[in-house]
1. Cβ-Cβ below 6 Å, separation at least six or inter-chain, first residue in the range 21-35 and farther than 20 Å from Pro55 by Cβ and surrounded by 15 or more Cβ atoms within 10 Å (Cβ to Cβ), second modelled with pLDDT of 95 or more and not basic (Lys, Arg): which pairs?
2. Is it true that Glu41 is modelled with pLDDT of 95 or more and either under 10 Å from the mean Cα position of the chain (by Cα) or closer than 23 Å to Arg84 by Cα (or both)?
3. Looking at Arg40, Arg45, Arg84, can you tell me which residue is free of Cβ contacts under 8 Å to residues at least 24 places away in the same chain and in contact with an Asp or Glu (Cβ under 7 Å, 6 or more places away or on another chain)?
4. Within the range 48-81, track down each residue that is under 11 Å from the mean Cα position of the chain (by Cα), open to solvent by 80 Å² or more (accessible area, probe 1.4 Å) and touching a residue at least 40 places away in the same chain (Cβ under 8 Å).
Amino acid sequence: MPLPGPISEILAELRRGRGLTQDDLAERLHAASGNTSVTREEVSRWERGKRIPGPYWRGWLGQVLDTPQQELERAAAIERASRRRH
């Protein structure tokens with residue numbers, strides 16, 4: 001079933017549904033990708049809609065959160081579209 005809504009809402013929902021803190025998610029992204037550039041603060045920005053994770057991080061988010069990347073891509077497009085309306 002497709003996930004409704006913008007990526008900011010979906011990431012927070014998926015993270016909480018797995019019992020993870022923002023720190024936990026950042027650590028899992030670091031462990032999976034080997035890239036230390038993602039922090040709890042960046043996860044927070046994504047979840048508050050201040051930033052949209054790029055394609056690189058959407059790929060890792062899909063893997064870490066066990067969610068199809070296609071759904072995250074769609075959710076990112078919804079987030080971008082809602083920004084254009086404001």
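The values are calculated or read from the model by the stated rules, or taken from the named source; none is laboratory data. Only a predicted model underlies this, so the values are computations on that prediction, with no experimental measurement involved. Here the Cβ is made from the backbone with ideal geometry for all residues, glycine too, and neighbour counts use every protein chain on show. Just so you know, the surface numbers come from the protein's heavy atoms only, side chains and all, with ligands and any DNA or RNA stripped out. Shrake-Rupley method; radii C 1.70, N 1.55, O 1.52, S 1.80 Å.
1. Taking only residues 6 or more apart or on different chains, the pairs are Gln22/Val43; Gln22/Ser44.
2. no
3. Step by step, each of Arg40, Arg45, Arg84 is checked, and only Arg40 is free of Cβ contacts under 8 Å to residues at least 24 places away in the same chain and in contact with an Asp or Glu (Cβ under 7 Å, 6 or more places away or on another chain).
4. Across the range 48-81, the qualifying residue is only Arg48.
Matching residues to (1) assigned to a loop (DSSP other than H, G, I, E, B); (2) hydroxyl-bearing (Ser, Thr, Tyr):
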{"site": "Ser44", "(1), (2)": "no, yes"}
{"site": "Arg51", "(1), (2)": "yes, no"}
{"site": "Gly62", "(1), (2)": "no, no"}
{"site": "Thr67", "(1), (2)": "yes, yes"}
